[in-house]
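These notes concern the structure reproduced below.
Readers should treat all values here as calculations from the given coordinates under stated rules, not as data from a laboratory. The model shown is predicted, which means the values in this text are computed figures rather than measured ones. Because the Cβ atoms are built from the backbone with ideal geometry, glycine has one as well, and the counts that use them run over all protein chains shown.
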Protein chains: 2
Amino acid sequence: MDSPISERPPRMEPAEVTRLLVQHGIAPTQQRLEIASVLLGRRQHLSADELLALVNGEGPVVSKATVYNTLNLFARNGLVREVIVDPSRVLYDSNTSPHHHFYNQSTGELMDIEDRHIAVGSVPDLPEGTVMDGVEVIVRLRNE
Amino acid sequence: MDSPISERPPRMEPAEVTRLLVQHGIAPTQQRLEIASVLLGRRQHLSADELLALVNGEGPVVSKATVYNTLNLFARNGLVREVIVDPSRVLYDSNTSPHHHFYNQSTGELMDIEDRHIAVGSVPDLPEGTVMDGVEVIVRLRNE
DNA sequence: GTCAGTGCAAACCCTTTGCAGAAAG
DNA sequence: CTTTCTGCAAAGGGTTTGCACTGAC
């Protein structure tokens, strides 16, 4: 790991966060604005616990349960993307546009791969009665 | 789910299991043979708990801790493949040849996609000091 | 006798849940 | 007021760990 999560994190400005929440059908409460403004403050991948620490960096603002509940809500409504590469924790990706990931298994580091850099050709016919929810490519790495 | 995991599962024959274990640098103990013969008995995706139930279907043969330890060992040595698509449980894939997956989020069902059915174009340059460990494509589905 | 492998139960850790209190309109 | 949201602590559940026992050379 290398992100200085103890510093004051960059935040998205309140007006824009509010607009995004409403746009995704989420009532903009105090805690949700805090959580979203930190997570969406830049391109990043954070676990619930890391986000909790960032939001509460300067004193308690949000409880752990609220962070978990809120992240589930955000993911369900498409405001953030869940990335499941490590069974020990779910990461939340502030970038919802189509893209893929490098996952360094030695360090736990997750890096974006832009969609245009990795072509996924034809996907076979889907099983009857199902609809596609997304295609993820994970390139697993380890340190040499 | 739809697999009748309560029935007697198909097994790989002992001689072949032993050969595979040794070939992957794993000492062929009684419990490892049991676990491997069931998991490798056919193309399937099983969680540790499901496998435990299958192996012990006709009386206790292997303990839970041994199943977990053994599956980790098998995965580490490339005898089986870990599939991480659901944060609530790791699945073990008896098919180690290159292929991808449909994951039905409504049912938890995991289906193989043969490698030749899904083309992944060029992967960008890897970060310095890392080597590739595999490329997985996960097509997430849900029921209509 | 030595050392790897196994079993058991407890510990772990992330995540979810139940419920009472707080907040918003 | 009414309803939704939040906080706290406890519960949950898959996985790992500590340690003593077993078993194979």
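Based on DSSP H assignment, which helices of chain B show an axial Cα extent of at least 30 Å together with a mean Kyte-Doolittle hydropathy greater than or equal to -0.5? For chain B, where a helix must reach 30 Å along its axis and average at least -0.5, there are no hits. Rounded to the nearest 20 debye, the dipole magnitude of the protein assembly as shown is 420 debye, with +1 charges on Lys and Arg beta carbons, -1 on Asp and Glu beta carbons, and the Cα centre as origin.
Along the charge dipole of the stretch B:1-132, which of B:Ala65, B:Ser122, B:Gln44 sits closest to the positive end, that is, farthest toward it, with unit charges on the beta carbon of Lys, Arg, Asp and Glu (+1, +1, -1, -1)? Selected residue: B:Ala65.
Measuring r between the beta carbons of B:Glu82 and A:Gln23 and using R0 = 41 Å, the FRET efficiency lands at 0.65. Taking only DSSP H segments of four or more residues, each worth -39500 (n - 2.57), what value at 222 nm results for the protein assembly as shown once the sum is divided by all its residues, to the nearest 500 deg cm²/dmol? My calculation for the protein assembly as shown gives -8500 deg cm²/dmol from helical runs alone. Between copies, A:Ser97 shows label-point distances of 3.9 nm, shortest first, with the point placed 7 angstrom from Cα along Cα to C-beta. Taking amide H positions as modeled 1.01 Å from N, with prolines and chain starts lacking one, the residues under 5 Å from A:Val85 and 5 or more places away or on another chain are A:Leu91.
Taken residue by residue and averaged, Cβ atoms of other chains lying within 10 Å of the Cβ of B:96-104 number 2. Distances between copies of A:Ile113, taken at a point 7 Å out from Cα along the Cα→Cβ vector and listed shortest first: 1.4 nm. Comparing B:Leu54, B:Asn143, B:Thr107 along the charge dipole axis of chain B, the residue lying farthest to the positive side is B:Leu54, per the Cβ-charge model. Centroid-to-centroid, using Cα positions, the stretch A:97-144 and the stretch B:93-144 are 7 Å apart.
Label-point spacing for B:Glu58 across the identical copies (point 7 Å from Cα in the Cβ direction), in nm and ascending order: 6.8.
Amide H contacts under 5 Å for A:Thr130: B:Glu144, restricted to partners 5 or more places along the chain or on a different chain, H placed in the peptide plane at 1.01 Å from N. Counting only Cβ charges, +1 for Lys and Arg and -1 for Asp and Glu, the dipole size of the stretch B:1-100 around its Cα centre is about 260 debye.
Based on Cα atoms of the protein assembly as shown, Rg over Rh with Rh as the Kirkwood radius reads 1.01. Taken residue by residue and averaged, Cβ atoms of other chains lying within 10 Å of the Cβ of A:120-131 number 6.
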